Amino acid sequence: MRILLVDDEIELTEPLSRVLQREGYTVEVAHDGERGYELANSGQFDLLILDWMMPGLSGLEMCRRLRGLLPDGAAPPVTTPVLFLTAKDTLDDRVEGLDAGADDYLVKPFELRELLARVRALLRRPPVVETTATPSATYQDLTLDLDTQIARRGMRTAELSEKEAQLLHYLMSHPDQLLTHAQIYDSVWGKDTQPSSNALAAQMRLLRRKLEQTGEPPLIHTVYGKGYRFGCSE
């Protein structure tokens, strides 16, 4: 497996590169976003580990370009998994990173064991949610096509990330039920993998932003301390 590590801190990249190589990965390092973008766009890597804050092209902007979210972005978009390394730790930061196309998020300073666990999780095939018998789902005026990862509510359409589509499909398959955090983690991320803190809340916020506009009945309800309930009534 080939990993691209992009970070301007040499004191971090050198030891981290050695650790990853000892684990059996082939690692290439770039110390600025422009070079990292050039390498990542080659499609030769199985995982991208990006520092968020770098001079010049930041990791956040680099991820947006790779996902085709900017006018000068990659065409076709690069779908290689992205893990952010950053000191930014608010829920808004996590939402911004996920919205830019990142798959996971690890806050500095971090434990090497946790980093390696997240690397292994991202390099595995994406887990399949337990309710994938049909590639589509419908709830009132909302439809989801898993093949295209497009949700339609009324006359509006919303393009979803793979994880957003998996999460929404799971919610739509269990309307009006209380789904605990543990149930959602196990079904959408997999029993062997737990997302970083606040990742679920960040994904829910992104889904709400795409599915719920002013005046429309909310669909995703937070049951504080327990989980979430999907439907038009709490």
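The values are calculated or read from the model by the stated rules, or taken from the named source; none is laboratory data. All values reported here derive from a predicted model rather than from experimental measurement. Please note: Cβ atoms are built from the backbone with ideal geometry, for glycine as well, and neighbour counts cover all protein chains shown. Just the protein is used for accessible areas: all its heavy atoms, side chains included, with ligands, DNA and RNA removed. Shrake-Rupley method; radii C 1.70, N 1.55, O 1.52, S 1.80 Å.
In Å², and per residue, what accessible area does the chain have when probed at 1.4 Å with the other protein chains present?
Counting only protein heavy atoms, the per-residue value for the chain is 50 Å².
Ranked from highest to lowest mean number of other Cβ atoms within 10 Å per residue, what is the order of the peptides 203-210, 225-232? Mind dumping the intermediate values first?
Working: 203-210: 18.8, 225-232: 16.1.
Highest-to-lowest ranking by the protection proxy: 203-210, 225-232.
Comparing 29, 82, 19, which has the greatest mean-square fluctuation in the GNM of the chain with Cα pairs linked when under 10 Å apart?
19
Name the residue farthest towards the positive end of the dipole of the chain from the options 95, 200, 224, assuming +1 on Cβ of Lys and Arg, -1 on Cβ of Asp and Glu, about the Cα centre.
Positive-end residue among those listed: 224.
Sticking with the crude label model, points 7 Å out along Cα→Cβ, report the distance from residue 176 to residue 147 in nm, one decimal please.
3.1 nm
Pick from 33, 190, 97 the residue whose mean-square fluctuation is largest in a GNM of the chain, springs joining Cα atoms under 10 Å.
190
Could you work out the helix-only [θ] at 222 nm for the chain, with each DSSP H run of four or more residues adding -39,500 (n - 2.57) and the total divided by the number of residues, to the nearest 500 deg cm²/dmol?
Details: 8 runs with 78 residues, N = 234.
Value at 222 nm, helices only: -9500 deg cm²/dmol.
For the chain, modelled as a Gaussian network with Cα springs under 10 Å, which listed residue fluctuates most, 139, 37, 170?
Sorting by GNM fluctuation, first place goes to 139.
Spin-label point model (7 Å from Cα, Cβ direction): what's the residue 38 to residue 111 distance in nm?
Roughly 3.9 nm, to one decimal.
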